[in-house]
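The values are calculated or read from the model by the stated rules, or taken from the named source; none is laboratory data. Everything quoted here is computed from the prediction, not taken from an experiment. All Cβ positions, even for glycine, are placed from backbone atoms using ideal geometry, and neighbour counts span all protein chains on display.
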Amino acid sequence: MNDSRTDSELVIAHLAGDRSALAGIYDRYADSLYDTAASMLHNRDDAADTTQDVFLTAAQQLGQLRDPQRLRPWLFAILRNEVYRSTKRRRRMQPIDFSAPGTAEMAAPTDLHAEGARVAEQELAEMVRSAAYGLDSRDQLVLELSIRQGLTGTDLANVLGVNAQQCHLLVHRMRERVERSLGALTVARMGRKDCDELARLLIDWDGTFSVLIRKRVARHIDDCDLCDHTKRRFAVIPLLSAAPALAAPAGLRERVLGSASASGAPDAGAESTRHHFDHGEGFPKLAQASRRIATVAAIMLLVLAFGSVGAAQWLTDDTDKTKLPLTAEVATTTTRGISTLTISPTVSTSGTDSTVATTAPGTNTVATTAPGGTQTTRAPATVGRLVASTTSLDFGSSETALSLTLSNTGNATLDWQLTGAADPFIWSTTSGSLASGATVEIRLGLDRNAADEGTVTKQFELISSGQGGATVTATTAVGRSPVVTVVRAGSTVTCPWPGDPAIVVTVSDESTLSSVRLSWSGPGRSGSVAMTQLRSGAWTARAAVRHLNGTWRWVVTASDVLGNAGTATGTIVVGGC
């Protein structure tokens, strides 16, 4: 039975001792938690046990959550730690290569020339999600939480245990890897009937998606417009979203509620022995596997801050024997469950008086010691900076396309990405790389037919792997005239007549109507009257034409609250007067 109470009301009721509240929380979130656990653990029994542990922890520790409205991400944060414990216990981390031992093989492709191509497309969605098991645990967790469960922004960052910038970078990198790797799978599966070259490439393919096949198909897509179109048509991310979710086992609800009841009332101040909660928002602190996510994100950000080329040379190039050897001090600190990595590289040589030390990300301090004293010079930061030419795109009532220029004013290459629900706006591209000093123009189109009537405003986050970024706002005013359809209207009358001729119309509009009026003009005095709406929804009024021979013209004008107007017209011929 669905509980109509909000998340906040359920949390408060549970803490007050209402045992039905936990049942309401279970009914609302058990399926999505179980679906994620099953995808991560690849075992339904383990997923059921893990889901039960999440709710038992919640039953005892709901008092730790500071904002009851954030119940959903809080539950997923507990699941994150429980999944890690189960994975660590079984020592069963899946490799990224689909051909690696222990990974499920893909079935041979369906013949799309036969009937049932639509069924094959649905099967593809399930197969692609199964193939996602081959991703490393970090990417798979980010994929499940962001794409399958729809967590975004602060909620996703808190569940992953990272800050907002790290979260954006993790999602961006995950999407790149998923779209290239699994995108090759969808093309191999669905594109051979459209591309003869691909068909020849896969003529002996048995359906097993090996590393070799994946690389061959991915390289082919880079050079083939047909297969690139197929890849975009069967976009991997929507396919992953469309794959059916697993429902929690029928008996799990009774197990959870029975165990929770046996464990007694929740203790708002208790500290879980399985989970440690931070003292800010009350989210569970990171378990070891999740801490690795935060550390990897921090390292990625550090490399981008130093500049991908410069950092690689500093850290790996030992071919130039005249370079000063590099040492580094690494320190990791954890605050409220978020790991912060600090790396201080130092270059020095015996027999020289030069020392180079990095004291903060992106800033180099060069100190030269000489007999006359010490001179300190601060070198420029090695980091990209993303700048947008504007953050406001106003389409008004008629524009259908506007442009935006992105510039990298820093001195290192950066990656950029645009996120946010676009419909009815359409970006020409949503991600890319910019070298230092480079610019790129991107266009934002508007499908006015797909937009709702009224003022439409959408916001997009422009994310940079270096510095900079912005919130871009797109606005348009969409107006459509009401549609007036004539149902009944006499075309001739003869003197004398028993009553004025009636006009009946229907009016449809996306917004609220402000008025519907009938007006007329002819050989005599003109007139106008408000029309009356009938029970059927139609509108009616009578045209008070005079007893004067000739042709009278009538007009029905329907106006909406946005100022748009639609009309229908006709004539009445008067004779015999």
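So, of the residues in region 540-563 that are β-branched (Val, Ile, Thr) and not in a strand (DSSP E or B), which turns out to be nearest to Ser508 (Cα to Cα)? Here the residue is Val561. Residues in region 485-518 that are among the hydroxyl-bearing types (Ser, Thr, Tyr) and at pLDDT below 90: Ser491, Thr492, Thr494, Ser508, Ser511, Thr512.
Yes/no matrix, rows are residues, columns are (1) modelled with pLDDT under 90; (2) crowded, with 17+ Cβ neighbours inside 10 Å:
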site	(1), (2)
Trp520	no, yes
Arg525	yes, no
Ala530	no, no
Ala543	no, yes
Trp554	no, yes
Ser559	no, yes
Thr567	no, no
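The residue that is farthest from Gly466 (Cα to Cα), among those in region 420-430 that are in contact with an Asp or Glu (Cβ under 7 Å, 6 or more places away or on another chain) and touching a residue at least 24 places away in the same chain (Cβ under 8 Å), is Pro424.
On inspection, Thr36 does not qualify as surrounded by fewer than 22 Cβ atoms within 10 Å (Cβ to Cβ) and among the β-branched types (Val, Ile, Thr). Pairing each residue of region 389-403 that is surrounded by 11 or more Cβ atoms within 10 Å (Cβ to Cβ) with any residue that is in a loop (DSSP other than H, G, I, E, B) and of a type in the set (Phe, Trp, Tyr), provided the two are 6+ apart or on different chains, yields C-beta distances under 8 Å for Leu402/Phe395. In region 152-249, counting only helices (runs of 4 or more DSSP H) that sit wholly within it, the ones holding 1 or more residues that are over 25 Å from the mean Cα position of the chain (by Cα) and surrounded by fewer than 16 Cβ atoms within 10 Å (Cβ to Cβ) span 196-201, 211-222, 225-233.
Results for (1) more than 25 Å from Arg138 (Cβ to Cβ); (2) at pLDDT 80 or above; (3) touching a strand residue (DSSP E or B) at 6+ places or on another chain (Cβ under 6 Å), shown as yes or no for each residue.
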| residue | (1), (2), (3) |
| --- | --- |
| Arg175 | no, yes, no |
| Leu185 | no, yes, no |
| Arg189 | yes, yes, no |
| Glu197 | yes, yes, no |
| Val211 | no, no, no |
| Arg219 | yes, yes, no |
| Lys231 | no, yes, no |
| Ala242 | no, no, no |
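Within the set Gly537, Gly566, the sole residue that is over 12 Å from Ala489 (Cβ atoms), among the small types (Gly, Ala, Ser) and part of a strand (DSSP E or B) turns out to be Gly566.
Return yes or no: is Ala422 farther than 30 Å from Thr540 by Cβ, surrounded by 14 or more Cβ atoms within 10 Å (Cβ to Cβ) and within 17 Å of the chain's Cα centre (by Cα)?
Details: farther than 30 Å from Thr540 by Cβ: yes; surrounded by 14 or more Cβ atoms within 10 Å (Cβ to Cβ): yes; within 17 Å of the chain's Cα centre (by Cα): yes.
It is true that Ala422 is farther than 30 Å from Thr540 by Cβ, surrounded by 14 or more Cβ atoms within 10 Å (Cβ to Cβ) and within 17 Å of the chain's Cα centre (by Cα).
Applying the criterion of at least 2 residues that are under 24 Å from Ala568 (Cβ atoms) to the strands (runs of 3 or more DSSP E) found wholly in region 442-530 leaves 483-489, 492-494, 502-508, 513-521, 527-530. Take the residues in region 42-66 that are surrounded by fewer than 20 Cβ atoms within 10 Å (Cβ to Cβ) and not in a helix (DSSP H, G or I), then tell me which one is modelled with the highest pLDDT. For region 42-66, the residue satisfying everything is Arg66. Across region 473-517, the number of residues qualifying as in contact with a Lys or Arg (Cβ under 8 Å, 6 or more places away or on another chain) and farther than 30 Å from Ile426 by Cβ comes to 6. Within region 482-498, is even one residue surrounded by 15 or more Cβ atoms within 10 Å (Cβ to Cβ) and touching a Leu at 6+ places or on another chain (Cβ under 8 Å)? Among the residues of region 482-498, at least one is surrounded by 15 or more Cβ atoms within 10 Å (Cβ to Cβ) and touching a Leu at 6+ places or on another chain (Cβ under 8 Å), which makes the answer yes.
Filtered by the rule that a residue be acidic (Asp, Glu) and surrounded by 14 or more Cβ atoms within 10 Å (Cβ to Cβ), region 438-457 gives a lone residue, Glu453.
Exactly one residue among Ala412, Ala435 is of a type in the set (Gly, Ala, Ser), crowded, with 19+ Cβ neighbours inside 10 Å and modelled with pLDDT of 70 or more, and that residue is Ala412.
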